[in-house]
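The values are calculated or read from the model by the stated rules, or taken from the named source; none is laboratory data. What you see is a predicted model, and the numbers here were worked out from it, not measured in a lab. As a convention, Cβ positions derive from the backbone with ideal geometry for all residues, glycine included, and neighbour counts pool all protein chains shown. For accessibility, only protein heavy atoms count, side chains too; no ligands or nucleic acids. Shrake-Rupley method; radii C 1.70, N 1.55, O 1.52, S 1.80 Å.
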Amino acid sequence: MSAIVAEGLTKHFGEVRAVNGIDIEIARGAIFGFLGANGSGKTTTIRMLTTLLKPTAGSARVEGLDIVAEARAVRRRIGVALQEAGLDDLQTGRELLTLQGRLFGMPGAQVRRRVRDLLEIVDLAGAADRAVGGYSGGMKRRLDLAAALIHWPSVLFLDEPTTGLDPASREAVWRYVNQLCAEDGITVFLTTQYLEEADRLAHDLAIIDEGRVIARGSPADLKATIGTDVVTVRVGGPAEALDRAAEAAAAVPAVERVQRADGAAVVYVPNGARAVARIVLALDEAGVEVGDVSIAQPSLDDVFLQATGRHLRAGEMPADGGAA
Ligand SMILES: Nc1ncnc2c1ncn2[C@@H]1O[C@H](COP(=O)(O)OP(=O)(O)OP(=O)(O)O)[C@@H](O)[C@H]1O
Ligand SMILES: [Mg+2]
């Protein structure tokens, strides 16, 4: 049985087609990444799969249970950490987790043990008896993650678990997620707008754009579909220069494809290092003003670019962990 199956899952808010017919099947015990830009439909999909929102059309099952007809049973099997954590600032971390456990009907002694263990796992044992209002953003995220795990869910939903975190906190979240999956066999469904996070963490990936899945597979398989190196040449001058650049690059031997994006010609060619000199020369001969040139292995952004003609805007992780 798959952990999650969605068929034609759809949510419209009036005119807004937030989620537009999503078909996915997710194996148990995998880390599944749902990668997309702001407003692409990630949270709306999570809210439907976690029974917080009724689909406009289509259906889905989580652990074999229908998200509408068997919503209560679904809720017992899942843990959810939403994008905006609704933590009570006056409670301590330990109180908050304890309350969460009691809400699931767990007996007192069991809750105490579970809370102690979870606080250890997310490195909050030292801060357990301080009010949550004094926690940093990263600590709040970790507490929210612990709260989602209190009742031993078999499927964990994390909506942008690392957005806005500094690099160290982000690494910590990645470590817990890997550990949950490897040691406890939990299926993790996580959304992200970070290409690198999807690449590093997810075993299996769907890229979502405007409410539709536009690419699907493991990060390695998705990148392999590009099949070439990627030479990106920035082009100065008028917009028309980019057309000339693309045309000149396409005529270079071995070049398979050229795409225009954000003032650059993106050239797909099997051996980038060997072809780059000829590409630059060809552009120069075509009278094009050549700026920065880079050669890279295909990234998930190239997969996104190929499917949509655009770069994934929010795909850069903030190195300083500041404003996301
Ligand atoms: N309750 C709502 N009413 C109306 N429109 C909504 C509602 N919730 C979401 N939307 C719209 O649906 C689209 C998808 O939103 P959603 O929150 O699912 O995107 P997202 O991928 O989670 O974005 P982000 O990365 O910013 O969190 C957006 O256009 C959003 O404005
Ligand atoms: Mg969202």
Number of positions in segment 59-79 that are under 28 Å from Thr192 (Cα atoms) and either out of contact with any Lys or Arg (no Cβ under 9 Å at 6 or more places or on another chain) or assigned to a helix (DSSP H, G or I) (or both): 14
Cβ pairs under 7 Å, 6+ apart, first in segment 71-89 and of a type in the set (D, E, K, R), second assigned to a strand (DSSP E or B): Arg77/Val62; Arg77/Val155; Asp89/Ala131
Check on Leu124, in the same structural domain as Arg17 (by TED's automatic domain parsing), of a type outside the set (Val, Ile, Thr) and crowded, with 22+ Cβ neighbours inside 10 Å: no
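Return yes when Arg212 is free of Cβ contacts under 8 Å to residues at least 40 places away in the same chain and either surrounded by fewer than 20 Cβ atoms within 10 Å (Cβ to Cβ) or on the phi > 0 side of the Ramachandran plot (or both) and no when it is not. Steps first, please.
Working: free of Cβ contacts under 8 Å to residues at least 40 places away in the same chain: no; either surrounded by fewer than 20 Cβ atoms within 10 Å (Cβ to Cβ) or on the phi > 0 side of the Ramachandran plot (or both): yes.
So Arg212 fails the test.
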The lone exception for Ser2 - which of (1) within 16 Å of ligand 2 (Cβ to nearest atom); (2) in a loop (DSSP other than H, G, I, E, B); (3) surrounded by 15 or more Cβ atoms within 10 Å (Cβ to Cβ) it fails: (1)
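Among the residues of segment 87-103, is there at least one that is open to solvent by less than 10 Å² (accessible area, probe 1.4 Å) and within 16 Å of ligand 2 (Cβ to nearest atom)?
Step one: filter segment 87-103 for residues open to solvent by less than 10 Å² (accessible area, probe 1.4 Å), giving 93, 97, 101.
Cutting the leftovers down to within 16 Å of ligand 2 (Cβ to nearest atom) gives us none.
Taking every residue of segment 87-103 in turn, none turns out to be open to solvent by less than 10 Å² (accessible area, probe 1.4 Å) and within 16 Å of ligand 2 (Cβ to nearest atom).
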Residue ID - nearest to the chain's Cα centre (by Cα), chosen from residues in segment 95-144 that are farther than 23 Å from Ala172 by Cβ and not in a helix (DSSP H, G or I): Phe104
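Tell me, please, whether a residue that is charged (D, E, K, R), more than 27 Å from Thr51 (Cα to Cα) and at pLDDT 95 or above can be found in segment 118-138.
Here is the first cut: in segment 118-138, the ones charged (D, E, K, R) are 120, 123, 129-130.
Within this subset, residues satisfying the condition of being more than 27 Å from Thr51 (Cα to Cα) are 120, 123, 129-130.
Narrowing further to those that are at pLDDT 95 or above: 129-130.
For segment 118-138, residues charged (D, E, K, R), more than 27 Å from Thr51 (Cα to Cα) and at pLDDT 95 or above: present.
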Residue, farthest from the chain's Cα centre (by Cα), within segment 63-79, restricted to residues that are farther than 23 Å from Arg17 by Cα and open to solvent by less than 50 Å² (accessible area, probe 1.4 Å): Ala73
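Restricting to segment 148-164, what's the tally of residues that are more than 21 Å from the chain's Cα centre (by Cα) and open to solvent by less than 20 Å² (accessible area, probe 1.4 Å)? Before you say what the answer is, go through the steps one by one.
As a first pass, look at segment 148-164 and keep what is more than 21 Å from the chain's Cα centre (by Cα): 150-152.
Narrowing the set further to residues that are open to solvent by less than 20 Å² (accessible area, probe 1.4 Å) leaves 150.
The number of residues fulfilling the criteria is 1.
With Ile26, Ile67, Ile46 as the choices, which residue is at pLDDT 95 or above, out of contact with any helix residue (DSSP H, G or I) (no Cβ under 8 Å at 6 or more places or on another chain) and more than 16 Å from ligand 2 (Cβ to nearest atom)?
Just one listed residue meets the conditions, Ile26.
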Single residue of Ile4, Ile46, Ile22, Ile31 found to be more than 23 Å from Cys181 (Cα to Cα) and in contact (Cβ under 8 Å) with a residue 60 or more places away in the chain: Ile22
Helices (runs of 4 or more DSSP H) within segment 145-242 that include 1 or more residues among the small types (Gly, Ala, Ser) and touching a Lys or Arg at 6+ places or on another chain (Cβ under 9 Å): 167-184
Considering residues of segment 49-61 that are surrounded by fewer than 23 Cβ atoms within 10 Å (Cβ to Cβ) and within 16 Å of ligand 2 (Cβ to nearest atom) only, the residue farthest from Asn178 (Cα to Cα): Leu53
Pair list, Cβ < 6 Å and 6+ apart or interchain, from segment 137-165 residues that are acidic (Asp, Glu) to residues that are open to solvent by 30 Å² or more (accessible area, probe 1.4 Å): Asp144/Ala85; Asp159/Thr43; Asp159/Leu82; Asp159/Gln83; Glu160/Gln83
